[in-house]
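Below: the structure, in structure tokens.
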Amino acid sequence: MSAVLTPPSVPTTAPAGRFGGLLRAETHRLRARRFIQVLLGLAVLAWIAVTALGLLNYEKATPERLAAAQAQLQEQVEQNEIGRQQCLTDPSLPPDVPVDQLCGPPMTAEDMELSWFLDPTPYSLSEEGPGGAVSIAAATAVLTFLIGATFVGAEWSSRSMVALLFWETRRPRVMGAKIAVVAVATLLVGVATQLAWLATAGIWQAVAGDGVPLPDGFWSEMLATHGRGALLALFAGLLGFGLTNLVRNTGAALGVGFVYFAVVESAISGFRPTWQPWLLTTNAAGLVVPGGLELTIYTDEIDTQGNSVVIEHLVTNLQGGIVMGVVTAVVVGVGVVLFSRRDAQ
Amino acid sequence: MPAVEMHAVTKTYARRGKSPQKALDDLELVVESGGVHGFLGPNGSGKTTSIRVLLGLIRPDAGEVRLLGRPVPSGLPDVIGSVGALVETPLFFPGFSGRRNLQLLAETAGLPRTRVEEVLETVELRDRADDRFKGYSLGMKQRLGIAAALLKSPQLLILDEPSNGLDPAGIRDVRELIRRLGQDGSTTVLLSSHLLTEIEQVADHVSIMARGRCIATGPVHKVLAGRSTGDVRIRVPDRAAAAAVLTAAGYAVSPTADGLLVSAVPAPGEITRVLAEHGHYLEELTPVAADLESAFLALTAEPA
Ligand SMILES: Nc1ncnc2c1ncn2[C@@H]1O[C@H](COP(=O)(O)OP(=O)(O)O)[C@@H](O)[C@H]1O
Ligand SMILES: [Mg+2]
């Protein structure tokens, strides 16, 4: 039998991998990053700590405690009335001044809140729930900013950003996969922290709540706040990513972020108060705070009476969302364009 | 079809606060498919820059580049799955193990995990594959870089000074591996090096770079052909007598400070034999800069 020579096969070249492979690899890379794992672990610990602290500091309003508080409140009202009567009968009062201005208006039980006389106070989901969601959104924004920044910062410092170009030469795809993964991850973190907050508030309300029935529309407002909070987590994550991608170094990006938030924004608030509606923190808050953020701006202008002119400005949820979205898109977009154009070494 | 074609490629680096640096100057380079193609040149001659241009990492100012028949950069996505490369130092996540680093790359390219184990085996890193990359020795890092370049079972394997940082045993292993790959018939290896001996040992063809240009190219044995006429410097106890013996044997001999220079020696072993037959024993025999080496040095030297 003679050996059959196989004709030299014409080599077929292989193209770059699919986008799905890139996405999977980026997801694994993000999940395997030690620093991100540590950040998330710390966040979980902080959550447990806050929940426990709340349980220690709030106490349910039992009928007995309510009755005692009611009695205290009543006593306060009576004491006040006694003092007022003494004041009214004082013969040295100047006759041409209204008595309410001298001795104060009469006080009733409605002028005070029962909770002032409860110590420790019960937790009030109806009053504090949305505000808590806003605080959690702020803390989460810091967390996701760090996640976005450290994720891409590590890619630059290890130069594996360049190494990836040996596998996928289309740079917008390389960046696109990273952006998609950071966006999904930070949004998930945002949703998770909001859900965690909801759980905490629910536990506090059940264990140490005020027992007040929730007003109409409470849940829709609460859910909308949760949603906007999660959106802020996404913007912050992409901002951290975009900024670090521009300066190509996590430390430098955090430095830039610190200088902006701690120095530039305070300087602007001080020297150019009318620019406040356009600051990032203002718009981040405007995005999340229910009903938008009310700004009271004391301008440098002086009116005819010699008082400085005060402007009331409402940063709506929509304005906050648009400003945050545009700034994030620009910062991320410029990074992608530069990465696609510049030489990679 | 050539694996690599570069025509009239020019690249000048803009440098902040300094005059621009011309790295490639009208470069012409063709690497035919198959075997090991040496890419030889002193440091700074433009080897790494050429490779970066080939891979689309940097954009040349002018010229035409084709990789596996496709234009760079527009056609790169069609062929990059067949090109493995290690450029300068390997780039990996320091905190991840060698295995995980490779798995992430395999995932990017849609390659099976078994392939990761195969290349780890090839570079003999399986034992240490679960250690973190940052704990690896320079040689292990370099081997992991080669493993990553091999992951795709490339038709074209580009290795930029792969023996940098390796110990002698590591260098031998890498050269052995390159030679083996060059012989398998389906892989073209483009091996960049500043070491003449390395290219001599493993390459079939060579292109010599100097100051951003390719100054000589062809089969190694042809480019090396002049080498057998190299000069040899010897030291013997009795200079005059040895000189007489060698002259009688037909060699051109001239005295040097502490010995003799024998010109155009085809085989240095002959000198040893001729002298020994006449009772002269060598204290030292040194080939003077072999021809390729001197040609290499002369060709590649900075103009005065
Ligand atoms: N990023 C860079 N910026 C400026 N000059 C560079 C850069 N990279 C390389 N060079 C210069 O270009 C020339 C060629 O360098 P290179 O391609 O690295 O040579 P080789 O790889 O042969 O040692 C050298 O003079 C080098 O200094
Ligand atoms: Mg080099």
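The values are calculated or read from the model by the stated rules, or taken from the named source; none is laboratory data. Values in this document were obtained by computation on a predicted structure and should not be read as measured data. No Cβ is skipped: glycine too gets one built from the backbone with ideal geometry, and neighbour counts run over all protein chains shown. Accessible surface is based on the protein model in full, side chains and every heavy atom, while ligands, DNA and RNA are left aside. Shrake-Rupley method; radii C 1.70, N 1.55, O 1.52, S 1.80 Å.
Descriptive notes on the structure:
- Max mean-square fluctuation residue, GNM over chain A, Cα-Cα springs under 10 Å, options A:302, A:203, A:179: A:302
- If you look at the Cα atoms of the protein assembly as shown, you get an Rg and a Dmax of 38.5, 146 Å.
- When nucleic acids and ligands are ignored and a 1.4 Å probe is applied, residue A:23 ends up with an accessible area of around 50 Å².
- Spacing of the modelled spin labels on residue B:64 and residue A:70, each 7 Å from Cα toward Cβ, amounts to 9.6 nm.
- With the biggest extent put first, the Cα atoms of chain B measure 72, 46, 42 Å across the principal axes.
- In nm, spacing of pseudo-spin labels at residue A:18 and residue B:114 (7 Å Cα→C-beta vector): 2.0
- For segment A:162-202 and segment B:10-43, distance of Cα centres in Å: 39
- At 1.002 mPa s and 20 °C, Stokes diffusion of segment B:1-147 via Kirkwood alpha-carbon radius, µm² per second: 125
- The figure for residue A:19 is an accessible area of roughly 70 square angstrom, using a 1.4 Å probe on the protein chains alone.
- Under-5 Å amide H pairs with residue A:344, H placed in peptide plane, nonlocal only: B:58
- For segment A:8-53, residues shielded by at least 50 square angstrom of accessible area compared with the chain on its own, probe 1.4 Å: A:13, A:14, A:29, A:32
- Rule-of-thumb Rg ratio for segment A:69-117 [Cα; 2.2 N^0.38 Å; N residues]: 1.34
- With Cα atoms, 0 to 90° folded angle of helix A:317-341 axis to chain A main axis: 20
- Carbon and sulfur %, accessible surface of the protein assembly as shown computed with the full protein complex present, 1.4 Å: 60
- The solvent-accessible area of residue A:87, taken with every protein chain present and a 1.4 Å probe, is close to 30 Å².
- Potential extension, residue B:74-residue B:195 segment - 0.36 nm per residue separation minus Cα distance: 40.2 nm
- Choice from B:158, B:208, B:234 showing the highest fluctuation, given a GNM over chain B with Cα pairs closer than 10 Å: B:234
- Point-to-point label distance, residue B:249-residue A:86, nm (Cα→Cβ direction, 7 Å offset): 13.1
- Among the listed pairs B:11/B:134; A:178/B:152; B:47/B:134; A:178/B:18; B:11/B:141; B:11/B:222, those beyond 32 Å (Cα-Cα): B:11/B:134; A:178/B:18
- Drop in accessible area of at least 40 Å² in the complex versus isolated chain, residues of segment A:157-195, 1.4 Å probe: A:158, A:159, A:166, A:167, A:169
- Calculated on C-alpha atoms, the gyration radius of segment A:102-213 divided by its Kirkwood radius gives an Rg/Rh of 1.32.
- Loss of accessible area when B meets A, both sides summed, Å² nearest 100, probe 1.4 Å: 3100
- Drop in accessible area of at least 50 Å² in the complex versus isolated chain, residues of segment B:81-114, 1.4 Å probe: B:91, B:93, B:96, B:104, B:105, B:107, B:108
- Solvent-accessible area per residue for the protein assembly as shown (1.4 angstrom probe, square angstrom): 49
- A Förster distance of 45 Å, applied to the separation of the beta-carbon atoms of residue A:258 and residue A:223, puts the FRET efficiency at 0.85.
- GNM remark for chain B: springs join alpha carbons under 10 Å apart, and the peak mean-square fluctuation among B:152, B:22, B:11 falls on B:22.
- Extension gain for residue A:57 to residue A:329 (0.36 nm times residue separation, less C-alpha to C-alpha distance): 93.7 nm.
- Subtracting the Cα-Cα distance of residue B:286 and residue B:179 from their residue separation scaled by 0.36 nm leaves 35.7 nm.
- Cα long-axis angle, helix B:268-277 against chain B (0 to 90 degrees, to the nearest 10): 30
- Segment A:218-336: translational diffusion in µm²/s, Stokes-Einstein, Kirkwood Rh over Cα pairs, 37 °C, 0.692 mPa s: 209
- Applying 1/(1 + (r/R0)^6) with R0 = 56 Å to the Cβ-Cβ distance of residue A:32 and residue A:212 gives a FRET efficiency near 0.75.
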